[in-house]
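The next block holds one structure in the form of structure tokens; read it before the comments.
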Amino acid sequence: MLNALWVVLLGMAIIFAVLGVLLLVMTFLDRLVRPKEKKEER
Amino acid sequence: MNILGGEFLGFLNLNWQAAAMLVISGVLMWLGIARKVEPVLLVPIGAGCMLANIPLGGAAEPGGFLAILREAGIHTEIFPLLIFIGVGAMIDFEPFLQRPYTILLGAAAQFGIFGTFFLAYLLGDGWLHILDFSLQDAASIGIIGSADGPTSIFVSTTLQSKYTAAIVVAAYSYMAMVPIIQPPIIKAMCSKEERALKMPIVAGTISQRTKILFPIITVLVVGLICPKATPLIGCLMFGNLLRECGAVESLSRTAQNEMVNIVTMLLGITVGGMMAGTEFLRPETILVFVMGIVAFSLDTVAGVLLGKLMCVLSGRKVNPMIGACGISAFPMSSRVVQKLGLEANPYNHLLMNAAGANVAGQIASVVAGGVMLMLVPMFI
């Protein structure tokens, strides 16, 4: 029973961690790519 | 020659389980053909079920063509992965990339998987021992909450669950039932004022470079943290790369059409072939279907709850309903939220916001599948 509880808690924590990292990386990437495009526009 | 009892006259060898499954196969085909409920899947599943339950037919027995297909496509996990290439090629991630915060709604909506897993294990080997649910079975049942057929097949096959066929049928059937399952829950959780809440229009488009880098980075991030999800996320994002890179139009078209259609047909008939009466007709199978509803409901509740939190934290710039789209039932869930938004406010168009959360849910459900495959063997 305790095992199952661990799976639930760890599972949700890992999902939020993985997707949180992905969110951060994508936000960073967006900033990295965007200025170059603006320069081209100017 | 023993004509009556031997390899002749199949109906004389028909037992009640096989007869019941022939009726169920008829219902599945009727749902697909007459009611248009996921016809692409339910018609092949119904046909496979019928073939597997004809006595002495041997289609699903060792050496039979359904058994060969099962060995080649399901046990090796090739079919769900090929389907994921097609799904990836079909999905436009732009609504998500414009609103990257929706990935958190996708994460929250995976709670249905873990909540249902916990409940199934509680009823099975975990505590009450009422049902024959091992830890692997409970995890496979929970994965119905991913609202994602290929992920359900991949996880339940890898964990070698006894209920793979029921799980797959439940996963695909409930996806079609999203417009019935979700609205009452959303309405119960969100007031009319909340449902009418308009979201700001997101200006600007996503650059081609970002769209190309997104699948590559997603595979690297997800794969390096949660390696068990690599086959699923790898195939999904490979398909998306074919779509977005612009260099392989013909491959992208093939993945979206011919390949996905062929594999879906083979997958459907093979899953149907796994529905042999003697194995399928047990009380646990019915409970698997009940658990499927629980999983979808918990997904919706968890998604909307995080949506409500985001609504408060953003100063009411996020409509909490889009949290319900965190399940990956794309595009049904987005349509449900768009409809409910328009009912509450005729000028409230939430479709693109909902689609953002919906495709984010697709990624989240794959990660959840990988997490299950990583954690469950650690606790067996």
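The values are calculated or read from the model by the stated rules, or taken from the named source; none is laboratory data. Computed from a predicted structure; not experimentally measured. Quick reminder, even Gly has a Cβ in these numbers, built from the backbone with ideal geometry, and neighbours come from all protein chains shown.
A few remarks follow.
- The criterion of being more than 14 Å from chain A (Cβ to nearest Cβ), assigned to a helix (DSSP H, G or I) and farther than 30 Å from B:E71 by Cβ holds for B:R335.
- With a requirement of 2 or more residues that are free of Cβ contacts under 8 Å to residues at least 40 places away in the same chain and within 14 Å of chain A (Cβ to nearest Cβ), none of the helices (runs of 4 or more DSSP H) lying completely within segment B:144-210 satisfies it.
- Of all the numbered requirements in (1) within 17 Å of the chain's Cα centre (by Cα); (2) surrounded by 24 or more Cβ atoms within 10 Å (Cβ to Cβ), B:F133 misses one, and that requirement is (1).
- So B:T218, is it more than 17 Å from A:G20 (Cα to Cα), within 11 Å of chain A (Cβ to nearest Cβ) and of a type in the set (S, T, Y): no
- Residue count for segment B:336-379, restricted to those that are in contact with a Lys or Arg (Cβ under 6 Å, 6 or more places away or on another chain) and surrounded by fewer than 22 Cβ atoms within 10 Å (Cβ to Cβ): 4.
- Sole residue being more than 19 Å from B:R195 (Cα to Cα) and crowded, with 22+ Cβ neighbours inside 10 Å, chosen from B:G303, B:G292, B:G307, B:G323: B:G292
- Filtering B:F93, B:F79 for residues that are within 12 Å of chain A (Cβ to nearest Cβ), of a type in the set (A, V, I, L, M, F, W, C) and out of contact with any strand residue (DSSP E or B) (no Cβ under 8 Å at 6 or more places or on another chain) leaves a single hit, B:F93.
- Annotation: of all residues in segment B:338-380 being farther than 19 Å from B:C226 by Cβ and assigned to a loop (DSSP other than H, G, I, E, B), the one that is nearest to the other protein chains (Cβ to nearest Cβ) is B:L350.
- Of all the criteria given as (1) in a helix (DSSP H, G or I); (2) under 30 Å from B:T158 (Cα atoms); (3) within 14 Å of chain A (Cβ to nearest Cβ), the one not satisfied by B:S328 is (1).
- Filter pass, B:A139 being part of a helix (DSSP H, G or I) and either in contact with a helix residue (DSSP H, G or I) (Cβ under 8 Å, 6 or more places away or on another chain) or within 14 Å of chain A (Cβ to nearest Cβ) (or both): yes
- For segment B:100-132, residues that are in a loop (DSSP other than H, G, I, E, B), within 11 Å of another protein chain (Cβ to nearest Cβ) and not hydroxyl-bearing (S, T, Y) total 8.
- Check on B:F289, in contact (Cβ under 8 Å) with a residue 12 or more places away in the chain, under 14 Å from the mean Cα position of the chain (by Cα) and either more than 14 Å from chain A (Cβ to nearest Cβ) or on the phi < 0 side of the Ramachandran plot (or both): yes
- Positions within segment B:61-115 being closer than 30 Å to B:M50 by Cβ and among the acidic types (D, E), in sequence order: B:E61, B:E71, B:E77
- Qualifying residue in segment B:229-249 (condition: buried (at least 22 other Cβ atoms within 10 Å of the Cβ) and of a type in the set (V, I, T)): yes
Yes/no per residue for (1) facing another protein chain (nearest Cβ under 8 Å); (2) part of a helix (DSSP H, G or I); (3) modelled with pLDDT of 95 or more:
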position	(1), (2), (3)
A:N3	yes, yes, no
A:V8	yes, yes, yes
A:I14	yes, yes, yes
A:F28	no, yes, no
A:R31	no, yes, no
A:K39	no, yes, no
